Amino acid sequence: MGGNVKKMAEAVRDGALSEGATVTLKEAPDATAEDVIEADAVIMGTPNYASYMSGLMKDFFDRSLFGIRGKCDGKPYATFGSYGGGGMVAIEALNKMIDGLGLKKALDSVGAQREPSSEVLEACRALGSKMAML
């Protein structure tokens, strides 16, 4: 809602594009199981709302869970997110959800306390770049 995760997603995208990757950037309400299935790798982000991933991200999994499960085993993924005082709990929940779909965590998560600093945005660009090179 505040735009912090969007800023981080755009930095991830820029990092992947810098390595020549093809990138599709979608917000959770517009994402589908087919997006995950067709991608070579997946990077997902979420804000921390009440110590959990956003409701819109949870809705994505509710809509896509059975369409993805068993079709992406071993596909690399990474996560990022923004949080207030609750820490990286929502990012950890996101990792558990994606692990349950059979994807394999390839890189460490990036987290930002509220608005991402220039250092965090650089870490997001590096996340995108590293994923593109896998």
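Please treat every number below as a calculation from the coordinates, not as lab data. As the structure is a computational prediction, the values presented were derived from the model and not from experiment. With ideal geometry, Cβ positions are generated from the backbone for all residues, glycine too; neighbour counts draw on all protein chains shown.
Rounded to the nearest 0.05, what FRET efficiency is calculated for ASP30 and LYS96 with R0 set to 30 Å and r the Cβ-Cβ distance?
Working: r = 23 Å, r/R0 = 0.77.
With R0 = 30 Å, the Cβ-Cβ based efficiency is 0.80.
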Relative exposure of SER54, SER82, SER129, SER118, judged by other C-beta atoms within 10 Å (fewest first): SER118, SER129, SER54, SER82
Residues whose placed amide H lies under 5 Å from that of ALA112, excluding near-sequence neighbours: GLY81, SER82, TYR83
Of MET53, MET97, MET88, the one that fluctuates the most in a GNM where the chain has Cα springs shorter than 10 Å: MET97
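Within the chain, which whole H helices from DSSP have a Cα span along their axis of at least 20 Å and a mean Kyte-Doolittle hydropathy of 0.0 or more, if any?
Details: long enough: 4-18 (21 Å, -0.30); 118-133 (22 Å, 0.38).
Long hydrophobic helices here: 118-133.
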Percent RCO, i.e. relative contact order, over the chain, from Cα pairs under 8 Å lying at least 6 residues apart: 35
Separation of the LEU65 and ALA106 label points, Cα + 7 Å toward Cβ, nm: 2.6
For ILE43, residues with placed amide H under 5 Å, excluding near neighbours: ALA78
For the stretch 24-34, 3J(HN,Hα) per residue [Karplus equation, 6.51 cos²θ - 1.76 cosθ + 1.60, θ = phi - 60°, Hz, x = Gly/Pro]: 10, 10, 9, 7, 3, x, 9, 7, 10, 4, 4
Cross-link table LYS75/LYS105; LYS71/LYS105; LYS58/LYS96; LYS96/LYS130, entries beyond 19 Å C-alpha to C-alpha: LYS96/LYS130
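Could you compute the FRET efficiency for GLU19 and ARG114, with r as their C-beta to C-beta distance and R0 at 22 Å, rounded to 0.05? Before the final figure, lay out each step's value.
Working: r = 29 Å, r/R0 = 1.30.
Efficiency, from the Cβ-Cβ distance: 0.15.
With both partners inside the stretch 4-129, how many of the DSSP beta bridges are antiparallel, as a percent to the nearest 5? Don't skip to the answer; put the middle values down first.
Details: 1 of 13 bridges.
Bridges in the stretch 4-129 that DSSP calls antiparallel: roughly 10 percent.
So how do CYS72, CYS124 line up by other beta-carbon neighbours within 10 Å, fewest first?
CYS72, CYS124
Would you order PHE80, PHE66 from fewest to most other beta-carbon atoms within 10 Å of each residue's own beta-carbon? Don't skip to the end; give the middle numbers.
Details: PHE80 28, PHE66 11.
Going from sparsest to densest Cβ surroundings: PHE66, PHE80.
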Trypsin sites (Lys or Arg not before Pro) restricted to the stretch 13-87 and DSSP loop, no more than 12 other C-beta within 10 Å: LYS26
